[in-house]
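Student: One structure is given below, represented as structure tokens, and several questions about it will come after.
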Amino acid sequence: MGSYWHPFADMAAVSASGPLVIASGDGAYVTDEAGRRYLDATAALWYCNVGHGRTALGAAAAAQMSSLAAYTTFGDYATRPTLELAERVAAIAPVPGSKVFLTSGGSDSVDSAIKLARRYWQVVGRPEKTVVLSRRHGYHGMHAGGTSLSGIPANRLGYGPLLADTAQVPWDSAEALAAVLDATGPDRVAAFFVEPVVGAGGVFPPPAGYLESVEKICRDRDVLLVCDEVITGYGRIGGFWFGATRFGLQPDIVTGAKGVTSGYAPLGTVLVAPRVAEPFWRAGTGMWRHGYTYSGHATACAVALANLDVIEQENLLAEAARLEGTLHTLLAPLADHDLVSEVRSGTGAMAAVQVDPAALALDPALPARVAAALRGHGVLTRVLATGGLQVSPSFVTTDDDVKLLAEAFGAALDDVAA
Ligand code: PLP
């Protein structure tokens, strides 16, 4: 039995079967230690947007590490890649003039955003605004703040009291948000967190007009709108760098991670709109006592810059939009399978093949069995919170790859049904 404690894993089961050790990757595919090749249907955890095996990203890391791997950016310290990445990200941010705070990943970015939202209201003299709302099905990472915002109850339960002044609203109703805000008292609410497309909670694209309505509701009540774009950001939304831009939103804070480096190095971003940043940058406010050892890590930033180069040079935002269409078209027929209730897709290079809730009620292990059968057919996927199967391939996945993927899904569902 090994020593590695896998995240989000039943260690008794993993110990019994042993780990699946992924040894290498190229493009949309990975290969395990036994030499079996798989289509990576999830881009690992939604992150490997430029595909595996990019030597340019490895070279960028090696070059930076050979001169200066990292240096603190607390206080007035900086490294050149840190400053360059901040300018580069500010230039593509949904809100012009945004300031860029850097972290080690998505959970860091979310907890930074929660603290920043509450702190903002303190700094501008409204300390009673502390309530933070999020949506059912929402996933905002696993730090204390993000766990408190989780719209997936199983991720939130079992720890005793979490962050005070947090609550969830229905995922699909702007009216319900308005009602909760008005019942709570907008003068008590600091921020509303929203994923433009719910990701880990099951891939739920926003109902038409929903995001535009919640922006207006928040704006009218002086509540900060935080778009959690850890999945949707840096291209996965399709055709745009960010979901907020696709939907014409001007959020106060945008959290990101994953696609900013395509996972070649751990890095998170927090984009802060000018109106929220201004009081912190004003003379006399003093320091915001927040940051991480690896905030602005030079090697991670150098990798991010090389990754953004690849996305631009290979026009991968357009490729993500192409994939959105191909996934939507080619996965749709799976909804006719007896074990599938629906396929959620059509907004971004992401989809979920939902195992029928009635079948799921009879056999909760069904989605895991489908995922295991898919492995046998050479496709790696994973089970989401609703019992749906995740599809979020890298942007270099071809239409023929998606065809293979759809066929493998059909075959795996048949295997399990038989
Ligand atoms: N926010 C969203 C929307 C996410 O999907 C995730 C991770 O999947 C996170 C936050 C947390 O990011 P990380 O796992 O990098 O801490």
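Student: For a Förster distance of 35 Å, can you work out the FRET efficiency between the beta-carbons of T293 and A62, rounded to the nearest 0.05?
Tutor: E between T293 and A62, to the nearest 0.05, is 0.95.
Student: Between R156 and D26, with labels modelled 7 Å along Cα→Cβ, what's the label distance in nm to one decimal, could you check?
Tutor: That separation, rounded to one decimal, is 4.6 nm.
Student: Once Lys and Arg get +1 and Asp and Glu get -1 on their Cβ, which of V198, A178, A318 lies farthest toward the positive end of the dipole of the chain?
Tutor: Farthest along the dipole direction, towards plus: A178.
Student: Using the number of other C-beta atoms within 10 angstrom as an exposure proxy, rank S173, S345 with the fewest first.
Tutor: With the fewest neighbours first, S173, S345 line up as S173, S345.
Student: Next question, about the same structure. Dipole of the stretch 328-418 (Lys/Arg Cβ +1, Asp/Glu Cβ -1, origin at the Cα centre): which of G410, V340, Q354 lies farthest to the positive side?
Tutor: Result: Q354, furthest along the dipole toward the positive end.
Student: What's the magnitude of the charge dipole for the chain around its Cα centre, counting Lys and Arg as +1 and Asp and Glu as -1 at the beta-carbon? Answer in Debye, nearest 20.
Tutor: 1220 debye
Student: Now a separate question. Hey, can you rank 350-357, 411-418 by average C-beta count inside 10 Å, highest first?
Tutor: Ranked from most to least packed, the peptides come out as 350-357, 411-418.
Student: Counting alpha carbon pairs within less than 8 Å and at least 6 residues apart, what relative contact order, in whole percent, applies to the chain?
Tutor: Relative contact order for the chain comes out at 21 percent.
Student: What is the gain in length, in nm to one decimal, between Y4 and K216 on full extension, counting 0.36 nm per residue of separation less the C-alpha to C-alpha distance?
Tutor: Here the segment from Y4 to K216 would lengthen by 71.6 nm.
Student: Arrange H140, H52 by Cβ neighbour counts within 10 Å, fewest through most, would you?
Tutor: In increasing order of surrounding Cβ atoms, one gets H52, H140.
Student: Just give me a number: lysine pairs in the chain, eight or more positions apart or cross-chain, with C-alpha atoms less than 24 Å apart.
Tutor: Final tally of qualifying lysine pairs is 8.
Student: Among Y38, Y4, which comes first, then next, by fewest other beta-carbon atoms within 10 Å?
Tutor: Y4, Y38
Student: Within the chain, which whole H helices from DSSP have a Cα span along their axis of at least 24 Å and a mean Kyte-Doolittle hydropathy of -1.0 or more, if any?
Tutor: Membrane-span-like by this criterion, though nothing is claimed about a membrane: 106-123, 399-417.
Every read-out reported here was derived from the displayed coordinates using simple, explicitly stated rules and does not represent laboratory data. All values reported here derive from a predicted model rather than from experimental measurement. Every residue, glycine among them, receives a Cβ derived from its backbone with ideal geometry; neighbour counts consider all protein chains shown.
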